[in-house]
Amino acid sequence: MRYRARYLGKALLILVGVAVLGLLVMALWNSVMPGLFVGSRSIDYPHALGLLVLSRILFGGFRGRGGWHRRGHWRRWEAMTPEEREQLKRTTVFSGCKTREERI
């Protein structure tokens, strides 16, 4: 029973969050865009939700991995020895890049 209540609570929290974000997008659009661009019109709530979905598709936000998901790669890089870093540079995409010493 607690298991079901936990997931129901999370689902409800997500729905409330999406509803509030939709209202926020609608309010921001209606306050900024008509004054900024002469031909733009105000949007209603369903269009604001559509704008949220479109931004999710294009930019991939709204999740914990947005923006900083490559932090694990940086931790792995910092844990490598200088020899391992040089080997990685030679065998991956870095192989086309020149180091500072090679450019001089």
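The values are calculated or read from the model by the stated rules, or taken from the named source; none is laboratory data. If you're wondering where the values come from, they're calculated on a predicted model, not measured in any experiment. Don't worry about glycine lacking a Cβ; one is built from the backbone with ideal geometry, like all the others, and counts go over all protein chains shown. Heavy atoms of the whole protein, side chains included, go into the accessibility calculation; ligands, DNA and RNA do not. Shrake-Rupley method; radii C 1.70, N 1.55, O 1.52, S 1.80 Å.
Okay, here's what the table says:
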quantity	calculated
Subset of the range 28-60 (residues that are under 23 Å from the mean Cα position of the chain (by Cα), among the small types (Gly, Ala, Ser) and at pLDDT 90 or above)	ALA48, GLY50
Selection from the range 19-55 of residues that are open to solvent by 90 Å² or more (accessible area, probe 1.4 Å) and touching a Phe, Trp or Tyr at 6+ places or on another chain (Cβ under 9 Å)	LEU23, HIS47
